[in-house]
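Only one structure is covered here, and it is reproduced in the block below.
The values are calculated or read from the model by the stated rules, or taken from the named source; none is laboratory data. These numbers were taken from a predicted model, which means no experiment stands behind them. For neighbour counting, all protein chains shown are included, and Cβ atoms are generated from backbone atoms with ideal geometry for every residue, glycine included. Each accessible area value is taken on the protein alone, full model and side chains, heavy atoms only, with ligands, DNA and RNA left out. Shrake-Rupley method; radii C 1.70, N 1.55, O 1.52, S 1.80 Å.
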Amino acid sequence: MSAAANRSRPTSDVVVIGAGIIGAACAYYAAREGLSVTVVDAGPVAGGTSGAGEGNLLVSDKEPGPELDLALRSQELWRALAEQDDGALGARFEYEAKGGLVVAFTAEDFEALQGFAATQLTPGVVAEEVPAERLSELEPFIAPGLAGGFWYPQDAQVMPSLATAALLKASGAQLRLGSAVTGLVTSRGTVRGVRTAAGTISARFVVNAAGFGASSVAALAGSTLPVQPRRGFVLVTEPLPAMVRHKVYSAAYVADVSSSDAALQSSAVVEGTPSGPVLIGASRERVGLDRTPSYDALGRLAAQAAELFPFLADVKVQRYYCGFRPYLPDHLPAIGPDASVSGLFHACGHEGAGIGLAPATGELIAALLAQREPEVAAEPFRPARFEEGAR
């Protein structure tokens, strides 16, 4: 075979840009469609947002609509992944079907929780009302005097870096790490691969799963994806006995998730881990890619966590970490084909829900690559909606 003919053959069927959880899921499900995959990233596996998350797999914080549909499908897929090889895969990424407890401090907040939970029943969310006097049955160390809460048994948790690595390994994808994408290779409006600092990788399809860098990748195709980074901090305590049994958060968290405010917002999300430390989130603010420690945010998180679990006031914080959620202004991820370049697909903008939504996102992308009907409707997530909105 001539050198020219060899250069014209794809290195892989699919190049996925981004070795985070979304890219890993896209690689995994594309491989299950029989496609060969190369994953390329400027950094290491889970070196961006995926390595700085809590690993939330939530349905409890989502109102009825496309994102909840995606979350419910993802829950099914996470459970299936966790059960593979008699649970060996799930053990590798610390899958815990621990459930979530959402609590209200006031009667007014509890009434709002009741209304919110009622709207979730039809799509398939399981939500059980827990009166104030029964909260301690679920969480013995929770603060007294709360107004009540709701128990969400479908909520779960994984260790996100381990989950990313496990999915990438299971996909069989080639990894090209430490190699930034510098351009797209196109011909007559169709993608032919990517250019990287280490050379060109040819492919039939390219999937942009570059997290908060996805807007820059879209711009290489002349497309608009207004992804912005939304900073968040997480506190990590010293190792403790199992004193927090579930994922516990206040009703204010639901409002923060759906807010578009650029200013600092924080609401307690508290959960234990298999190794002992308690994770405390969640803050949100739009400050670009500024990693400067915000003692205001860290102080708020500590105080709010102690308000939920008073024993935490005497627990040492070992460290904190900071990450950037890829945020789109309509609070829906972009999943699907590019508006201009054939063969280019986007999977980005999941904000703080990327870990939870990853499997269904990967499955949806893989279905589109294989030109078959996806399990979850793709229309609401069309990346082209931002091009159309700009006209």
Worksheet item: Checking A242 against (1) modelled with pLDDT under 95; (2) farther than 20 Å from P44 by Cα; (3) of a type in the set (G, A, S); (4) open to solvent by less than 60 Å² (accessible area, probe 1.4 Å), which test does it fail?
Response: (4)
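Mind checking whether some residue in segment 42-54 is assigned to a strand (DSSP E or B) and among the hydrophobic types (A, V, I, L, M, F, W, C)? Show your work before the answer.
At the first step, the residues of segment 42-54 found to be assigned to a strand (DSSP E or B) are none.
No: segment 42-54 contains no residue that is assigned to a strand (DSSP E or B) and among the hydrophobic types (A, V, I, L, M, F, W, C).
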Practice prompt. Pull up segment 316-346, narrow it to residues that are aliphatic (A, V, I, L, M) and in contact with a Phe, Trp or Tyr (Cβ under 9 Å, 6 or more places away or on another chain), then point me to the one that is farthest from E96 (Cα to Cα).
Written response: A339
Item to complete: Within segment 139-161, work out how many residues are under 27 Å from T49 (Cβ atoms) and open to solvent by less than 30 Å² (accessible area, probe 1.4 Å).
Response: 6
Item to complete: May I ask you to list the residues in segment 337-384 that are in contact (Cβ under 8 Å) with a residue 12 or more places away in the chain, open to solvent by 40 Å² or more (accessible area, probe 1.4 Å) and either in a helix (DSSP H, G or I) or closer than 25 Å to R188 by Cβ (or both)?
Response: P337, A339, S340, S342, L368, A370, P380, R382
Fill in: For Q371: the one exception among (1) in contact with a strand residue (DSSP E or B) (Cβ under 8 Å, 6 or more places away or on another chain); (2) farther than 21 Å from A46 by Cα
(1)
Practice prompt. Kindly indicate which of A30, A19 is modelled with pLDDT of 95 or more, part of a helix (DSSP H, G or I) and open to solvent by less than 10 Å² (accessible area, probe 1.4 Å).
Written response: A30
Practice prompt. State whether one or more residues within segment 355-365 are modelled with pLDDT under 95 and not aromatic (F, W, Y).
Written response: no
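Which count do you get for residues in segment 83-94 that are within 17 Å of the chain's Cα centre (by Cα) and open to solvent by less than 50 Å² (accessible area, probe 1.4 Å)?
Counting residues in segment 83-94 that are within 17 Å of the chain's Cα centre (by Cα) and open to solvent by less than 50 Å² (accessible area, probe 1.4 Å) gives 1.
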Worksheet item: What are the pairs, 6+ residues apart or on separate chains, where a residue within segment 43-72 that is touching a residue at least 24 places away in the same chain (Cβ under 8 Å) has its Cβ under 8 Å from a residue that is of a type in the set (D, E) and not in a loop (DSSP other than H, G, I, E, B)?
Response: G47/D41; E54/E271
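Look through V248, V227, V217, V206 and report the one residue that is of a type outside the set (S, T, N, Q) and out of contact with any helix residue (DSSP H, G or I) (no Cβ under 9 Å at 6 or more places or on another chain).
Values: V248 fails: out of contact with any helix residue (DSSP H, G or I) (no Cβ under 9 Å at 6 or more places or on another chain); V227 fails: out of contact with any helix residue (DSSP H, G or I) (no Cβ under 9 Å at 6 or more places or on another chain); V206 fails: out of contact with any helix residue (DSSP H, G or I) (no Cβ under 9 Å at 6 or more places or on another chain).
Among V248, V227, V217, V206, only V217 is of a type outside the set (S, T, N, Q) and out of contact with any helix residue (DSSP H, G or I) (no Cβ under 9 Å at 6 or more places or on another chain).
Please work out which residue is surrounded by the most Cβ atoms within 10 Å (Cβ to Cβ), limiting yourself to segment 109-138 and to residues that are among the hydrophobic types (A, V, I, L, M, F, W, C) and closer than 23 Å to F311 by Cβ. Working first, answer last.
Of segment 109-138, the ones among the hydrophobic types (A, V, I, L, M, F, W, C) are 110, 112-113, 116-118, 121, 125-127, 130, 132, 135, 138.
Right, trim to closer than 23 Å to F311 by Cβ and you get 130, 132, 135, 138.
Numbers: V130: 19, A132: 16, L135: 21, L138: 17.
The qualifying residue surrounded by the most Cβ atoms within 10 Å (Cβ to Cβ) is L135.
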Item to complete: Please determine, by comparing only the residues of segment 179-235 that are over 21 Å from A370 (Cβ atoms) and basic (K, R), which one is most open to solvent (accessible area, probe 1.4 Å).
Response: R188
Practice prompt. Residue by residue through segment 86-108, note down the ones that are touching a strand residue (DSSP E or B) at 6+ places or on another chain (Cβ under 8 Å) and of a type outside the set (A, V, I, L, M, F, W, C).
Written response: E94, Y95, E96, K98, G99, G100
Response to the item:
Log entry, pairs with first residue in segment 162-173 being within 14 Å of T49 (Cα to Cα), second being modelled with pLDDT under 95 and of a type in the set (D, E, K, R), beta carbons closer than 7 Å, six or more apart or on different chains, reads L162/R92; L162/E94
Practice prompt. List every residue pair whose Cβ atoms sit under 7 Å apart, with the two residues 6 or more apart in sequence or on different chains, where the first one lies in segment 293-309 and is on the phi < 0 side of the Ramachandran plot and of a type in the set (G, A, S) and the second, anywhere, is open to solvent by 30 Å² or more (accessible area, probe 1.4 Å) and part of a helix (DSSP H, G or I).
Written response: A306/A313
Worksheet item: Name the residues in segment 210-255 that are over 18 Å from the mean Cα position of the chain (by Cα), touching a residue at least 40 places away in the same chain (Cβ under 8 Å) and over 24 Å from G299 (Cα atoms), would you?
Response: V217, A218, A221, G222, S223, T224
